[in-house]
Each structure stands twice: as structure tokens, then as C-alpha cells.
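Student: Got a structure for you, written out below as C-alpha cells; questions coming shortly.
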Amino acid sequence: MYKITVPATSANIGSGFDSSGIALRLYNTVYFEESDSIDILSLDDIKIPTDSFNLVFYAAKKLFEIEGRQLNGLMLRQRNNIPMTRGLGSSSACIVAGLLGANALLNNRFTRNELMNIAASIEGHPDNVIPAFSGGFSTSVISHEGNVETARFDIEQTLCFIALIPPFELPTTVARSVIPTTVLHSDAVFNLSRSGLLTAAFASKDYRLLKEASKDRLHQPYRLELIEGSKETLEICEAAGALATYISGAGSSIMTIVASNPTKFKQEIEQKISENPNTQNYRSLLLTADNTGAVIESVDETIEDLRFIVNHR
């Protein structure tokens, strides 16, 4: 059996739409073993698909098909710490876990770079799956040939990320549907210049640049309208002195970045958020960057061990 641990990710970071992302120290865990049938269970109280529509299984099956083999079944046990449909990379974590597990069953036929290319093709963009694989900050593109080209940098542990999570989901399909299909030339230039500054900020570790670098005109103005309390949350964080505040991924979570006194900062914005009727049900998570990325290891647990965990949690 294999145990696969995949970090949460926060993508876009404002101006880096569909290209930039950060891995965070919040993890999904998948226990993975080949089986003659589909045998999927959750190790916590999170509801997940237990059939072929399960995204971990789908990604694993896809890799087998690329190799020209058929995957009849899998034994999967999932622990889902990453909130689903909240812009924190839960779907990317499933894709990465499925590919890593399937590759292990295929005797590591594919390189990590090949797996990243496949993950990006499944997801449709590389901003979440690449940092989920590699950790740290990355900015990536999919070339005309379908290959991912990426630049990656470690993030210092002094930088803290506070995820502000509303009590409702925002499906990516809905979040994408409100983005216009054409943009003004001035808005394109606005984002291009700031996305370059965003990469430079993480590469040089000059995090004072993040405030301007995270500003966006391509997706956030439209998605903010879908997220009740998001505008108030941004204003609260900015007034408290955040380095940057932005919609995490497609939302619905808002991410804010701080570099000093993160606990005090978190307490201050929690108080302000609790006083506003539009944000009072938001919850917060204080996180730091994961610079390792996804990890796969062989474990001694058996199917029976994991069934016992499910039945006695």
C-alpha cells in the first residue's frame, strides 16, 4: 500500500491568473492500493464520490490508459483536510494523488515532469497542480506542445498565509462563467506587469512588492460579486496592514499574507470579521508555505487497518 500526502494550494495570487500558485502546509492524505474492484472510503466525515467519478480514481485510470493498460479497480482511503470547492486546491490534490499512486503501481514508468504535464492537461491549467507536486511558489505556462514550463522558488517560513473561508462553496465552473471573454488592452497590460512583479517578489524574497503585485483586473472584480462578504474581508485585511489579500484560486476563500505578528494579525481581523453580518460566519486558518510538495511512501497498513479506522473514528 502507498500513502500519498499532497499539500493545499492557493492559486492566481491576484495577477497570476491561471499561472501562479503556492503550496501550503495543509494536507490531504490518500492510501492507495490496487484492487479488483473500486473500494473507496473517507477516513473522516467528508463526503466523497465512492465510484469511478472519484477524482483520485479518475486520474489514476487516466494514467493507466496513457500507458495502454486498463485499471479495473483501486482501494482508496482518503483523509480530506483541504476544504472542498473553496479555492484551496482540493481537486488538484486529488489529481496529483491519483497520478502518483498510479505511477507507483506502474513501477514509476513516468517521470515527475511527465506527471505534471498530465496533471495540467486534466486540470486545464497549471497554477494549482504544479505547486502541489513541487511545493513553494511556482509560475507556469502550458506550451503549444502541451508541456508545462515552470519556475519555482522556496518561500520563507516567516511568511504566513491566513485563509478566510466562508460557509459556502463556489464551484469553479460558476466562478469561470462570470469572467469576460475579451478584455481591454489596458487591463491586459495591468495584469502582465503585475504578474511579472509577483514572480520577482517571490524569487527575490522582497515581499513588500506583493501588495502591488497581487492587484488584478482580469478575474477578481467579477468573482468578488459572487462571494458574499469578500469585499469587506479584503478591506479589513488591507486596513490591518496585510502584505497582500486576494481571492484564493476561484474562491470562495480569501487569502491574506502577513510577515510579522501573524497571530496578533489573525486575532485582529477575526474580531473585525465577526462584527460584520456579511462575514461573521467566515472561519480562518493560519498556514505557512510547504516547500516540499507531494510525497508518496510505502506503508505497512492493510485494508483491514483502514476499515477499522473508518468504523471507529
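So that you can scan it fast, the table gives a plain yes or no per residue for (1) closer than 22 Å to Ile122 by Cα; (2) in contact with a Phe, Trp or Tyr (Cβ under 8 Å, 6 or more places away or on another chain); (3) at pLDDT 95 or above:
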{"position": "Ile13", "(1), (2), (3)": "yes, yes, yes"}
{"position": "Val30", "(1), (2), (3)": "yes, no, yes"}
{"position": "Asp36", "(1), (2), (3)": "no, no, no"}
{"position": "Ile46", "(1), (2), (3)": "no, no, no"}
{"position": "Phe57", "(1), (2), (3)": "yes, no, yes"}
{"position": "Glu65", "(1), (2), (3)": "yes, no, yes"}
{"position": "Arg69", "(1), (2), (3)": "yes, no, yes"}
{"position": "Asn72", "(1), (2), (3)": "yes, no, no"}
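Student: Restricting attention to region 163-176, report how many residues are among the charged types (D, E, K, R) and either open to solvent by less than 80 Å² (accessible area, probe 1.4 Å) or out of contact with any Ser or Thr (no Cβ under 7 Å at 6 or more places or on another chain) (or both).
Tutor: Start the filter on region 163-176 by keeping residues that are among the charged types (D, E, K, R), which leaves 169, 176.
Narrowing the set further to residues that are either open to solvent by less than 80 Å² (accessible area, probe 1.4 Å) or out of contact with any Ser or Thr (no Cβ under 7 Å at 6 or more places or on another chain) (or both) leaves 176.
So the count comes out to 1.
Student: Quick one: is Val295 at pLDDT below 95, open to solvent by 10 Å² or more (accessible area, probe 1.4 Å) and hydrophobic (A, V, I, L, M, F, W, C)?
Tutor: no
Student: While we're on this one: Val56 versus (1) surrounded by 18 or more Cβ atoms within 10 Å (Cβ to Cβ); (2) out of contact with any helix residue (DSSP H, G or I) (no Cβ under 6 Å at 6 or more places or on another chain); (3) over 30 Å from Lys211 (Cβ atoms): which is the lone unmet condition?
Tutor: Answer for Val56: the failing condition is (2).
Student: Then there's this: Search region 67-94 for residues being under 25 Å from Ile130 (Cβ atoms), among the hydrophobic types (A, V, I, L, M, F, W, C) and touching a helix residue (DSSP H, G or I) at 6+ places or on another chain (Cβ under 7 Å), and hand back the single one that is surrounded by the most Cβ atoms within 10 Å (Cβ to Cβ).
Tutor: Taking region 67-94 and keeping what is under 25 Å from Ile130 (Cβ atoms), we get 67, 71, 74, 76, 78-94.
Okay, now just the ones that are also among the hydrophobic types (A, V, I, L, M, F, W, C), so 71, 74, 76, 82, 84, 88, 93-94.
Applying the additional criterion that residues be touching a helix residue (DSSP H, G or I) at 6+ places or on another chain (Cβ under 7 Å) yields 71, 74, 76, 82, 84, 93-94.
Values: Leu71: 20, Leu74: 25, Leu76: 27, Ile82: 23, Met84: 15, Ala93: 32, Cys94: 29.
Across region 67-94, the extreme among qualifying residues is Ala93.
Let's see how each residue does on (1) of a type in the set (A, V, I, L, M, F, W, C); (2) open to solvent by less than 50 Å² (accessible area, probe 1.4 Å):
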| site | (1), (2) |
| --- | --- |
| Ile227 | yes, yes |
| Lys231 | no, no |
| Glu235 | no, no |
| Thr256 | no, yes |
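Student: So the check is Cβ under 6 Å with 6+ separation or different chains; which pairs have a first residue in region 20-48 that's over 30 Å from Ser140 (Cβ atoms) and open to solvent by 20 Å² or more (accessible area, probe 1.4 Å) and a second one that's of a type outside the set (S, T, N, Q) and part of a strand (DSSP E or B)?
Tutor: Short answer, once both residue conditions are applied: Glu33/Met75; Ser35/Leu74; Ser35/Met75; Asp39/Met75; Leu41/Arg77; Asp44/Arg79.
Student: Give the residues of region 200-209 that are open to solvent by less than 30 Å² (accessible area, probe 1.4 Å) and within 18 Å of Val141 (Cβ to Cβ), sorted by residue number.
Tutor: Phe202
Student: Provide a single number: the residues in region 209-232 that are among the basic types (Lys, Arg) and either at pLDDT below 95 or under 20 Å from the mean Cα position of the chain (by Cα) (or both).
Tutor: 2
Student: Considering only region 218-241, state which residues are over 18 Å from Ser274 (Cα atoms) and among the aliphatic types (A, V, I, L, M).
Tutor: Leu218, Leu224, Leu226
Student: Any idea which of (1) without any contact (Cβ under 8 Å) to a residue 60 or more places away in the chain; (2) open to solvent by 40 Å² or more (accessible area, probe 1.4 Å); (3) within 26 Å of Ser248 (Cα to Cα) is the one Lys61 doesn't satisfy?
Tutor: It fails just one condition, (3).
Student: Moving on. Identify all residues within region 115-162 that are polar (S, T, N, Q) and open to solvent by 40 Å² or more (accessible area, probe 1.4 Å); write none if there are none. Before you say what the answer is, go through the steps one by one.
Tutor: Let us first name the residues in region 115-162 that are polar (S, T, N, Q), namely 117, 121, 128, 134, 138-140, 143, 147, 150, 157-158.
Matches in region 115-162: Ser121, Asn147, Thr150, Gln157, Thr158.
Student: I'd like the residue in region 135-189 that is touching a residue at least 40 places away in the same chain (Cβ under 8 Å) and among the charged types (D, E, K, R) and, out of all such residues, is farthest from Lys205 (Cα to Cα).
Tutor: Just the residues of region 135-189 that are touching a residue at least 40 places away in the same chain (Cβ under 8 Å), to begin with: 135-141, 151, 153-172, 174-176, 178-180.
Within this subset, residues satisfying the condition of being among the charged types (D, E, K, R) are 154, 156, 169, 176.
Values: Asp154: 9, Glu156: 8, Glu169: 33, Arg176: 31 Å.
By that ranking, first place goes to Glu169.
Student: A further question follows. Looking at Val148, Val189, Val141 in this structure, which one is among the β-branched types (Val, Ile, Thr) and more than 20 Å from the chain's Cα centre (by Cα)?
Tutor: Val189
Student: For region 187-199, give me each residue that is of a type in the set (Ser, Thr, Tyr) and buried (at least 20 other Cβ atoms within 10 Å of the Cβ).
Tutor: Ser195, Thr199
The values are calculated or read from the model by the stated rules, or taken from the named source; none is laboratory data. For clarity, every value in this text was computed on a predicted model and none was experimentally measured. Using ideal geometry, Cβ is built from the backbone for each residue, glycine included, and neighbour counts are taken over all protein chains shown. All accessible areas refer to the heavy atoms of the entire protein, side chains included, with ligands and DNA or RNA removed. Shrake-Rupley method; radii C 1.70, N 1.55, O 1.52, S 1.80 Å.
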